[in-house]
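Please treat every number below as a calculation from the coordinates, not as lab data. Treat the numbers as computed from the prediction; the structure is a model and nothing was measured. Methodologically, a virtual Cβ is constructed for each residue, glycine included, from the backbone with ideal geometry; neighbour enumeration extends over all protein chains shown.
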Amino acid sequence: MGQSYHLTFRMPIVVDRPTAGFYLPDVASDALAPGTIGRTFADSAPSWPEPVRAPGGAPNVVYVLYDDLGWSDFSCFGSEIATPTADRLAAEGLRYTNFHVTPLCSPTRAAVLTGRNHHSAGMGLVPNFSIGYPGYRGELNTSTATLGEMAQSQGYTTLGVGKWHLTPMNQFTGAGPFDQWPLQRGFDRWYGTPDGMTNQWKPDLIEDNRWIDAPDDPDYHFTEDIVDHAIDMVRDQKNGDAEKPFFLYVAFCAVHFPHHVPPRYIDKYVPVFEKGWDQTRADRLVRQKELGLVAPDAELPERNPGVKAWEEYDDDASASMVRLQAAFAGMVEHTDEHLGRLVSALEEMGELDNTVFVLFSDNGASQEGGEVGSLNSMRFFTGYTTPEDELAELRENRDTIGEAQWVNNYGTGWSMASNTPLKRFKQDTHGGGVRSPLIVRWPREIADPGGIRTQFHHAVDLTPTMLDITGLVLPASVKGVEQKPLEGTSLRYTFRSGDEPSRKDTQYFEMNGQRAIWQGGWKAVAHHAPELEPILVLLGDAASVTDFEADRWELYHLDEDWNELNDLAEAEPERLAMLVDRWWKEAETHDVLPLGAIIGGMRGGPMSGRPESTRR
């Protein structure tokens, strides 16, 4: 047999290069300029490209986005639900009582990630609808890069977990197209669900650019899995380059229905909510006054349309509705508990105080459970159900609420309580749909930890704020596409002072025909009635129910009447007319037009659901 020989070449390692790695030694004369190419190493001088580095001192950025969380659902915003992690972040940071979002999930996510209004970004509704107009493409425009794309190209690692819901679902196939998947829209790593909701016990999952199966674990829960992956991603990143900052986007599916949570969390809150939604709302307002979140003389608006007094229901109906609310409350606590693991992990890694931590909700509390709640909240979108039918089904299955077979959601009375003390719900442009709790923790600049801020701001302002803090810039072009300018206003100035007036000038709102505009402390709002439209649209009679000129505009002086109790439309017609005219100008500027009420009945164009062929 022949003899084997193994030769090992040992080369010196250059350790003073700007990036980690192995390099050939410098063998050329120092007299040569770097990059000189001769015939041999002896008459050449090597050079290496300078690595892209974030601006010096740039902090990490963490966005934590809850889904369908009401304005008062954190304990530090008045709730009786245990949320110690949110409370800690608020005590060490700031609470914003005048922060706004869009009335629906995907549009808010588009505004948050791009720094442009949701229609400007192409996300006038959710990506399940593609309507064929610039503001309603159902996918993010390439001219509106995400914060991930901006940060990725300027020295950040970009990590995302949880709910995406910014890409048409019929693009999530093994054949793509992949250009709107998270990894192609600015994230180095992604783990989560692509759609707007999922089963928390067995979710639909993608990892990077592929579908994967949910873990086969009887104790599995999606929220816990999201946080596990977030922690692992950050640890991997820090092990690779401890000096490199990261942007982490944590988008919980919680607390969107289905409210899936272990029974012990539900059982805990049944006695808490047996008092009903009217008393819950009253108690939360008292706590909000004690916390200094609202004025001492603040009052509750009348019950939202369609919400009955708690006393009108018998004990059997009440028991079912209480357990639905207990499942929601348990899910809020459960999510906060796992968020606490992320905060603790960042603290253990020494990264928490070098991180701008932002916690908020994508819209107000959901009205999609109907009057009494439901074990299948998807019925809300068809209208083929009655409160009596829902209660009958709940009566037979009350003890199984929160299990994997249900798409359970609470009734609108509980949603009203979640939004205390605001009007209406998710999907609406009154306060209950568009005002979100916001908590920001940034010890390097916040002057008064535990403080409260009242300046008006909006989801579109978060990306400009992060660029302001990190020193990143909006590129003139991204992937060869010229970029639209940012449309938000940095709120960094509020970190130092709660007394400075808002620097924001104007903000429009529109969702599914609901309209509003804020300017200089005043708000005009028009409630359209899309709940009447689905069956009429399907019958081809859309024109008779989309008379937007017939909608009545209301006028509120939010600086003095922040939860919209005193309508001044008749008292100040000139101001109202000015604001309505400004709304139309904003609508033309930001691709809001044409108006239409779509959700519940699609008029032309594709509805993009998940391709069944991808199921494994």
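Can you show me the helix-derived [θ] at 222 nm for the chain, built from DSSP H runs with n ≥ 4 at -39,500 (n - 2.57) apiece and divided by the number of residues, rounded to the nearest 500. Numbers along the way, then the final one.
Details: 13 runs with 156 residues, N = 616.
After summing the helix terms and dividing by the residues of the chain, the value is -8000 deg cm²/dmol.
Compute the helix-to-body angle for 387-397: its Cα long axis versus the longest principal axis of the chain, expressed 0 to 90° and rounded to tens.
So the helix axis and the longest Cα principal axis differ by about 60 degrees.
Once Rh for segment 309-369 is found with the Kirkwood sum over Cα pairs, what is the Stokes-Einstein diffusion coefficient at 37 °C and 0.692 mPa s, in µm²/s? Write down the numbers at each step before the final one.
On the way: Rh = 14.9 Å.
Here the translational diffusion coefficient equals 221 µm²/s.
In nm, to one decimal, how far is the modelled label at Glu588 from the one at Met349, with both set 7 Å along Cα→Cβ?
In this crude spin-label approximation the distance works out to 4.9 nm.
How long is the gain from His557 to Ala577 if the chain were fully straight, where each residue apart is worth 0.36 nm and the alpha carbon distance is subtracted?
Contour length minus Cα-Cα distance gives 5.8 nm.
Give a residue-ordered list of calculated ³J(HN,Hα) values for segment 264-273 (Karplus: 6.51 cos²θ - 1.76 cosθ + 1.60, θ = phi - 60°; whole Hz; x for Gly, Pro).
Those phi angles translate into 4, 6, 5, 4, 4, 9, 4, x, 5, 9 Hz.
Treating the Cα atoms of segment 275-351 as identical point scatterers in vacuum, please give the log10 of the normalised Debye intensity I(q)/I(0) at q = 0.12 Å⁻¹, two decimals.
With one equal scatterer per Cα and no solvent, log10 I(q)/I(0) is -0.57.
Please list, in order along segment 294-305, the HN-Hα scalar couplings obtained from phi with the Karplus expression 6.51 cos²θ - 1.76 cosθ + 1.60 (θ = phi - 60°), rounded to whole Hz, x for Gly and Pro.
For segment 294-305, the Karplus-derived couplings read 10, 5, x, 9, 4, 10, 8, x, 4, 3, 4, x Hz, x marking Gly and Pro.
Once Rh for segment 76-142 is found with the Kirkwood sum over Cα pairs, what is the Stokes-Einstein diffusion coefficient at 25 °C and 0.890 mPa s, in µm²/s?
The calculation lands on 178 µm²/s.
Report, by chain and number, residues whose modeled amide H sits under 5 Å from the one on Arg453, excluding near sequence neighbours (fewer than 5 apart, same chain).
Arg95, Tyr96, Thr97
How much length, in nm to one decimal, is gained on full extension between Ala476 and Ala295, taken as 0.36 nm per residue of separation minus their Cα-Cα distance? Intermediate values should be presented prior to the final figure.
Details: separation 181, 0.36 × 181 = 65.16 nm, distance 4.45 nm.
Gain on extension, Ala476 to Ala295, equals 60.7 nm.
Among Cys105, Cys76, rank each residue by its count of other Cβ atoms within 10 Å, from fewest to most, as a rough exposure measure.
Result, fewest neighbours first: Cys76, Cys105.
What ranking of Thr382, Thr280 emerges when the number of other C-beta atoms within 10 Å of each C-beta is taken as an exposure proxy, fewest first?
Least crowded to most crowded, the residues run Thr382, Thr280.
Take segment 446-498, compute every pairwise Cα distance, and split them into 10 Å bins from 0; I just need the percent in each bin.
Once binned at 10 Å, the Cα pair distances of segment 446-498 give 22, 44, 23, 10, 1.
Just the Cα atoms of segment 365-428, one point each, no solvent: what log10 I(q)/I(0) does Debye give at q = 0.15, 0.23 Å⁻¹?
Computed log10 I(q)/I(0) values: -0.45, -0.94.
If amide H atoms are built 1.01 Å from N in the plane of the peptide, which residues on other chains or at least 5 residues away come under 5 Å of the amide H of Trp522?
Close amide H contacts, sequence-distant or interchain: Leu558.
Short version: ³J(HN,Hα) in whole Hz for each residue of segment 214-222, in order, from phi by Karplus 6.51 cos²θ - 1.76 cosθ + 1.60 (θ = phi - 60°), x for Gly and Pro, what are they?
Listing the rounded values in order: 5, x, 8, 9, x, 9, 5, 8, 4 Hz.
Check Cys253: other-chain or 5+ apart residues with amide H under 5 Å from its amide H, H built from backbone geometry?
Lys163
What are the GluC sites (Glu not before Pro) within segment 198-255 that DSSP puts in a loop, where the Cβ has at most 16 other Cβ atoms within 10 Å? Walk me through the intermediate numbers first.
Values: sites: Glu207, Glu224, Glu243; in loops: Glu243.
Sites meeting the loop and neighbour criteria: Glu243.
How far, in degrees from 0 to 90, does helix 105-114 lean away from the longest principal axis of the Cα atoms of the chain, to the nearest 10?
40 degrees
So what's the chain giving for Cα Rg divided by 2.2 N^0.38 Å, two decimals? Mind dumping the intermediate values first?
On the way: Rg = 26.1 Å, N = 616, 2.2 N^0.38 = 25.3 Å.
This ratio for the chain stands at 1.03.
Indicate, rounded to the nearest 5 percent, the antiparallel portion of the DSSP beta bridges found entirely in the chain.
Bridges in the chain are about 55 percent antiparallel.
Which distance in Å, rounded to a whole number, links the C-alpha centroids of segment 289-353 and segment 505-522?
26 Å
Please compute the contact order of segment 32-174 in relative form: average sequence separation of alpha-carbon pairs under 8 Å and at least six residues apart, divided by the residue count, as a percent.
16 percent
When only Cα pairs under 8 Å and 6 or more residues apart are kept, what is the percent relative contact order across the chain?
21 percent
Is segment 159-203 rounded, prolate or oblate when judged by the Cα gyration tensor, a ≥ b ≥ c being the square roots of its eigenvalues, rounded requiring a/c under 1.5 and prolate requiring a/b larger than b/c?
Since a/c reaches 1.5 but b/c is at least a/b, the shape of segment 159-203 is classed as oblate.
Computed over the Cα atoms of segment 259-402, what is the convex hull's projected area averaged over all directions, in nm²?
Details: hull surface 44.9 nm².
Mean shadow area of the hull around the Cα atoms is 11.2 nm².
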